[in-house]
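What follows is calculated from the coordinates using simple rules that are stated; it is not laboratory data. Note that this is a predicted model, so its numbers are computed, not measured. Don't worry about glycine lacking a Cβ; one is built from the backbone with ideal geometry, like all the others, and counts go over all protein chains shown.
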Amino acid sequence: MRYLPLTDTDRSAMLDTIGAPDIDALFADVPEAARLSGPIEGLPMHASEMAVEKHMRRLSKKNLAASDAAFFLGAGAYKHHIPASVDHIIQRGEFLTAYTPYQPEIAQGTLQMLFEFQSQVARLYGCAVANASMYDGSTACWEAVAMAGRVARGKKRKVVLSGALHPHYAEVVRTMAKFTDDEIAGAPPSLTAKPDDDGLIARIDSDTSCVVVQYPDILGRLPDLAKIAAAAHDKGALLIAVNTEPVALGAIKSPGELGADIVVGEGQAIGVGLQFGGPYLGLFAVRDEKHVRMMPGRLCGETVDAEGKRGFVLTLSTREQHIRREKATSNICTNSGLCALAFNVHMTLLGEKGLRRLAMENHRLACLAADRLAKVPGVTVLNDTFFNEFTVLLGTDARTVVRQLADDGVLAGVSLGRLFPGSGNLANGLLVAVTETTTEEDIETLASALEEVLA
């Protein structure tokens, strides 16, 4: 059987049907500069399977794995210890079922897991209701903005973004807003010890549908959510709190408790490894039950069957394929069942006490790291407060320093110049993340390496 079974006659008939002169016309939306003019230069046309495997093995040896080095990278993806029991349990047949449990009678394990997951997220975020997961934190952030627009019934279209919101999250919001009527009011980040809460509040007006604040923010600082929530509510706007490090909520007050109306975030830190950047897990919850039908995604609920036995069902699934049709909300959640399961299992193993102990250990080690790095000549710790991630200022471009240390087997952190390439004033900033996987020896290794590079 041919790999491409269409004949030239078949292709011509299909093009005639859609009114296209040739196949190239189907790519008219792709900019000319982005199109290949021919085969990729330097890449052979073909190779044997064994040759390709040998080549890929050779390339893989150039990688430096997170577990093979002193590791201080964070900025939205964190290296935490995941017990081996998590991987074992998520492979059990009662949980590893169809990704979309349309038939509850054969998907009780999946539905029970999602119900428990929702309960855990709602409690973690201090909210009334959480949905059954989304793709990742950045898309969950946009969905929260879109939901705020629905709550405002389109009468308010201004979205105020904190300057300390993760730039990738902000970029997703800006990209999606190109297809809506939302006005995005952003601001550059400021290298100050405390977040500019007053500056953020000053940008809120009567046309604002929502205010988006990261907690802790991209520099590791803790904004005053209660103060911002009061200011937003005074103007009739919703407060969206973004959390990229859920372990932090074992040590600090939940966003819902502080007045956030919608809480979203990245769940990767619990149960899900770094995995080369994905797949990850979007978390989404609302503080007020009356907003449930405005939520994206799906909700699982508890019920009883005809015999009075406990059971679980999809309570709300407002998809376009279902009764809602064109009024459906987004349903970007269907790839996340396995990641949600891993989150659920890990969180269950931890329990409340375990999560709090884990958070305390993260903070303890981060304090040790901040104190040690503050003693390095040429290094200044920016933050007054932080959880397990903080910003240090170097006397030179942090990107160069990060590259030098990586060559020496030390993954020092994420340079702010890489996160904010258009902001030259941030070039000297380095974001350092410390988790329970970091040892005191790792901290000393980083400090010594910085002393040598900055000398």
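Just tell me the longest site-free run in the chain, where the sites are chymotrypsin sites (Phe, Trp or Tyr not before Pro) in a DSSP loop having at most 14 other beta-carbon atoms within 10 Å.
Numbers: sites that count: Tyr3, Tyr99, Tyr102, Phe179.
Looking at the chain, 180-455 is the longest stretch - no exposed chymotrypsin sites (Phe, Trp or Tyr not before Pro) with at most 14 other Cβ atoms within 10 Å.
How many Lys pairs in the stretch 84-347 lie less than 15 angstrom apart by Cα atoms, where the lysines are 8 or more positions apart or on different chains?
Working: Lys155/Lys235; Lys156/Lys235; Lys158/Lys178; Lys158/Lys235; Lys194/Lys227; Lys227/Lys235; Lys227/Lys253.
Eligible lysine pairs with Cα atoms under 15 Å apart amount to 7.
The distance separating the Cα centre of the stretch 192-221 from that of the stretch 151-188 comes to 13 Å.
Candidate values (1) 22.3; (2) 31.3; (3) 27.6 were compared with mean projected area of the Cα convex hull in nm² computed on the shown model; the agreeing label is (3). Among all stretches of the chain without exposed GluC sites (Glu not before Pro) (DSSP loop, at most 13 other Cβ atoms within 10 Å), which one is longest? With a cap of 13 other Cβ atoms within 10 Å, the longest stretch comes to 95-306. Answer with one residue from Pro101, Ile262, Gly311: the one whose Cα lies farthest towards the positive end of the charge dipole of the chain, charges on Cβ with Lys, Arg +1 and Asp, Glu -1. Going by the Cα projections, it comes out as Gly311. The stretch 1-70 and the stretch 82-132 have Cα centres spaced 37 Å apart. Taking the fewest neighbouring Cβ atoms within 10 Å as the starting point, the ordered list for Arg221, Arg403 is Arg403, Arg221. Between the stretch 413-455 and the stretch 366-380, the C-alpha centres lie 10 angstrom from each other. Annotation for the stretch 20-98: trypsin sites (Lys or Arg not before Pro) lying in DSSP loop with at most 15 further Cβ atoms inside 10 Å of their Cβ are Arg35, Lys61, Lys62, Arg92. For Val129, nonlocal amide neighbours, meaning residues 5 or more places apart or on other chains whose placed amide H falls under 5 Å from its own, are Val286. Of the trypsin sites (Lys or Arg not before Pro) found in the stretch 356-401, the ones in coil according to DSSP and having at most 16 other Cβ atoms within 10 Å of their Cβ are Lys375. Residues whose amide H lies under 5 Å from that of Ala185, counting only those 5 or more places away or on a different chain, are Val159, Val160, Leu161; hydrogens are built 1.01 Å from N in the peptide plane. The phi-based Karplus calculation (6.51 cos²θ - 1.76 cosθ + 1.60; θ = phi - 60°) puts the 3J(HN,Hα) values of the stretch 122-128 at 4, 5, 4, 8, x, 10, 7 Hz, whole numbers, x for Gly and Pro. Each Lys and Arg contributes +1 and each Asp and Glu -1, all at the Cβ; summed about the Cα centre of the stretch 84-347, the dipole is approximately 540 debye. Exposure proxy for Lys227, Lys290: other Cβ atoms within 10 Å of each Cβ, ordered fewest to most, give Lys290, Lys227.
Each label point was placed 7 Å from the Cα along the Cα-to-Cβ direction; for Val52 and Glu32 their separation is 3.4 nm.
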